[in-house]
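The values are calculated or read from the model by the stated rules, or taken from the named source; none is laboratory data. This one's a predicted model, so the numbers in the text were calculated from it and none came from an experiment. Here the Cβ is made from the backbone with ideal geometry for all residues, glycine too, and neighbour counts use every protein chain on show.
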């Protein structure tokens, strides 16, 4: 939560104290302008922003109705709905304690107005479909590349590759470029289905989405190739892919917020490329975020991809084991 307290009175501080004391919210930022609240929401640093206007305490002391504004990040519709319920209870209880009257009178004391940005109707499909798109691309890359080199061993063509003058890096490129093209085609396909079938809005830049997808394919293809260098049969590569796929999905923020995970698992998510791409694709689709906001996630994908691809190339040897 970010709280922009323009009143800076004992009443406004008591309200923010109750929000944090509830155990549901943590006040991480205290911005000084509404633009700072917008920037925090754009970057996904906070779930909600609270603005308490000047004159809040004077209106309460004079028994005049007053109002506060609460803006939620609607990209995660389920979490936003739950948070709205908590805010409703906290502010209503505070208003009731101030009035000392019946419940009906207390609600007229503080008029708290909530808005959900990026997904005003809080449709769950706007939250899930972009995540499904990112997951489909990852599964496609893993399933295609994990059996790439293993299949050469099984059908006996590894001996032919051994006598060719190609280098391991060149063979890796030959294995990844076709799968990268197929993955780009899948991205276009699910993009069309998401926009025209499920009516998911896309508010950001298509070229930025293409650039981000290219950065995402680097670690995704690298992971598939790494599995293919470890496994000795296609059955082993399939088992390793399934073993890898489940924790990747669980630690991506796709099913539930990363902030709710144990601290150890929160650190492990930094090694998960799906985590970064889900933030990117939801930011482009729902928030219209630009490169200035998403560059940390894109840079993380490039670094992860470079490391994983390098390890895969080093593990690959043109010889039979």
Give segment 67-83 a look and list any residue that's part of a helix (DSSP H, G or I), modelled with pLDDT under 85 and buried (at least 19 other Cβ atoms within 10 Å of the Cβ), or say none.
77
Which of the residues belonging to segment 187-207 are buried (at least 17 other Cβ atoms within 10 Å of the Cβ) and in a helix (DSSP H, G or I)?
187, 190, 191, 194
Of all the helices (runs of 4 or more DSSP H) wholly in segment 226-300, which have at least 3 residues that are modelled with pLDDT under 85?
234-250
Among the numbered criteria (1) at pLDDT 80 or above; (2) surrounded by fewer than 17 Cβ atoms within 10 Å (Cβ to Cβ), which single criterion is violated by residue 180?
(2)
Residue that is out of contact with any helix residue (DSSP H, G or I) (no Cβ under 7 Å at 6 or more places or on another chain), surrounded by fewer than 18 Cβ atoms within 10 Å (Cβ to Cβ), in contact (Cβ under 8 Å) with a residue 60 or more places away in the chain and closer than 30 Å to residue 129 by Cβ, where the choices are 24, 86:
86
Residue 165 part of a loop (DSSP other than H, G, I, E, B) and in the same structural domain as residue 277 (by TED's automatic domain parsing)
yes
